[in-house]
Amino acid sequence: MTTPFLTTGESGIYESDVISGLRLIRGERHLLLESPESMDGLGSAVFGGGMVRLKRMVNIYVDRFYSCENPVRDIGLLLEQWGYPVTEAAGLLTAVQLRHVSVQEERNDEFAIMCCATAGVSNGARAGVERTTFPASWTPGTINIMLVIDGKMTPAAMVNAVITATEAKAAALSDLGVLDAENGLVATGTTTDSVVLGVTQRAGWELVHSYAGTATDIGGAIGRLVYAAVKESLTAAAGERG
């Protein structure tokens, strides 16, 4: 499901239906996904990435002419400008219009998950083949995925969850027929994708998830939600262009 205040481009707050206290806030040029408690975090965000403690994830819009000389500094300054603590924060930059965000949620007796994705494929690419590459550099993200899991997971399962999310993203691109413009092959992602995962590790959950692959209940849910969010975001953008 897509939240109405996001599709209209208006500021607003969406309260999660499945994770108590989790809020998605649309502000000036950004989406803030904020948890009431600190979480175990894992992600590829340029600001606050790696294995960290997280309370908030911020997906920030920049235009395609953005100078990428110092994104860490720029994100830190924007968080301060908007009044968000820079500690326990992950910051992502995207050139995708934030009104094309998709939010997907699911809950059962073992976990609850919220997925928030913005997706564009102007630089679709296929992994595993010869193509143009560059030295280490950074550009705004084209497919940004923010995941929050209310449940207990081992560090290995968190890595597994990121793998499953990536597989689901690739499946969505394949089913939509997204191609690598350089070689015409089916794209597995874009050249600038990012994912951030936060896990509450809340004591109220009995089961500790040691795996999150596609054969597990939690991995299956992660895959469904990421697939749906990426597909819906891309479909919304395509519909607007059409």
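The values are calculated or read from the model by the stated rules, or taken from the named source; none is laboratory data. Worth saying up front: this structure is predicted, and the values here are computed from it rather than measured. Methodologically, a virtual Cβ is constructed for each residue, glycine included, from the backbone with ideal geometry; neighbour enumeration extends over all protein chains shown. Areas reflect the complete protein model, heavy atoms only, side chains present, ligands, DNA and RNA absent. Shrake-Rupley method; radii C 1.70, N 1.55, O 1.52, S 1.80 Å.
General observations
- For ALA89, the shell of other residues with beta-carbons less than 12 Å away shows a net charge of 0, using +1 for Lys and Arg and -1 for Asp and Glu.
- The listed residues SER210, SER20, SER38 rank as SER20, SER210, SER38 when sorted by accessible area, largest first, using a 1.4 Å probe.
- Extension gain, ALA203 back to ASP175 (0.36 nm per residue minus Cα-Cα distance, nm): 6.2 nm
- Measuring nothing but how far apart in sequence close Cα pairs (under 8 Å, 6+ apart) lie, relative to its length, the chain scores a relative contact order of 22 percent.
- Charge sum, other residues only, whose C-beta stays under 11 Å from ASP17's C-beta, Lys/Arg counted +1 and Asp/Glu -1: -2
- Heavy-atom accessible area with a 1.4 Å probe sorts ILE143, ILE13, largest first, into ILE13, ILE143.
- When restricted to Cα atoms, region 85-212 yields an Rg and a Dmax of 16.2, 49 Å, respectively.
- Put simply, the amide H of LEU92, placed in the peptide plane, has neighbours under 5 Å in VAL58, ASN59, ILE60, leaving out anything fewer than 5 places away on its chain.
- Converting phi to 3J(HN,Hα) with the Karplus coefficients 6.51, -1.76 and 1.60 and the offset θ = phi - 60°, region 162-170 yields 5, 4, 4, 4, 5, 4, 5, 4, 4 Hz in sequence order, with x at every glycine or proline.
- Helix-only mean residue ellipticity at 222 nm for the chain, each DSSP H run of n ≥ 4 adding -39500 (n - 2.57), per residue, nearest 500: -8500 deg cm²/dmol
- Unit charges at the beta carbon, dipole of the chain: most positive-side option, THR133, SER102, GLY204: THR133
- Per-bin percent of Cα-Cα distances, the chain [5 Å]: 1, 7, 15, 19, 21, 17, 12, 6, 2, 0
- Region 12-240 - share of DSSP beta bridges that are antiparallel (%, nearest 5): 75 percent
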